[in-house]
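The values are calculated or read from the model by the stated rules, or taken from the named source; none is laboratory data. Quick caveat: nothing in here was measured; it's all calculated off a predicted structure. Note that each Cβ is placed from the backbone with ideal geometry, even for glycine, and that neighbours are counted across all protein chains shown. With ligands, DNA and RNA removed, areas are computed over all heavy atoms of the protein, side chains included. Shrake-Rupley method; radii C 1.70, N 1.55, O 1.52, S 1.80 Å.
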Amino acid sequence: AETTHRLKNTLAMVQAIARQSLKGLDRERVRAFEDRLLALAAAHAALTQKNWQSADLRSLITNALGNVMEADSFRLDGPAFSVSDRAAQTIILLIHEMATNAVKYGAASVPQGRVRIDWRLDGDDVVVTWREVGGPPAEPPTRRGFGSKLIERGLSGTGGSDLRYSPTGLVA
């Protein structure tokens, strides 16, 4: 409990330092940084519920999406599954970045758009599918920012990935 309290205080201090240090810079970039800190805090909260041993995958994804998009704009489907502390932090940052992109450019940018996330066990692997439907056609990013790099490296660093930018939406 003491460690949790100290980490929350540390994250709050980092956020305050960032606000002061980045004052006058592009507000969207500052907000993106703050949102990433909040995503890490959400991962931390999920992990502390199980003493940093694991976290429920559905809860992680729900929290990551809920901080960025409306609850009725996404659907989750998959078995109950816990992930390690290390995987939890990576997953929540990846989902947060993908959700942010969906809100800005993808399915969640239009009222009828939806994001569907399914997962299944395949032997020792967990296969997670992100599917955007009802939104504008998906296009590869024109700028390689932190989020794009995190998504590409994060997904490929987990055992394999397949990103498809299609006329019907992003499928990863």
- [ ] Go through 162-171, 108-117 and give me the packing order, highest mean Cβ count within 10 Å leading.
- [x] 108-117, 162-171
Open item on the list: Please report the accessible area of PHE81 (heavy atoms, 1.4 Å probe, ligands and nucleic acids excluded) in Å², nearest 10.
Closed with: 50 Å²
Open item on the list: Taking the full set of protein chains and a 1.4 angstrom probe, give the accessible area of THR142 in square angstrom, rounded to the nearest 10.
Closed with: 150 Å²
Task: Length added when fully stretched, ARG86-ILE17, from 0.36 nm per residue minus Cα-Cα - done: 22.3 nm
TODO: Provide the gained length on full extension for the span LYS104 to ARG120, in nm with one decimal, where the gain is 0.36 nm per separating residue minus the Cα-Cα distance.
DONE: 3.0 nm
Task: Most to least accessible of ASP56, ASP77 (protein chains only, probe 1.4 Å) - done: ASP77, ASP56
TODO: Please give the peptides 121-133, 85-97, 11-23 ranked by average Cβ packing (other Cβ atoms within 10 Å per residue), highest first, as a rough proxy for protection.
DONE: 85-97, 121-133, 11-23
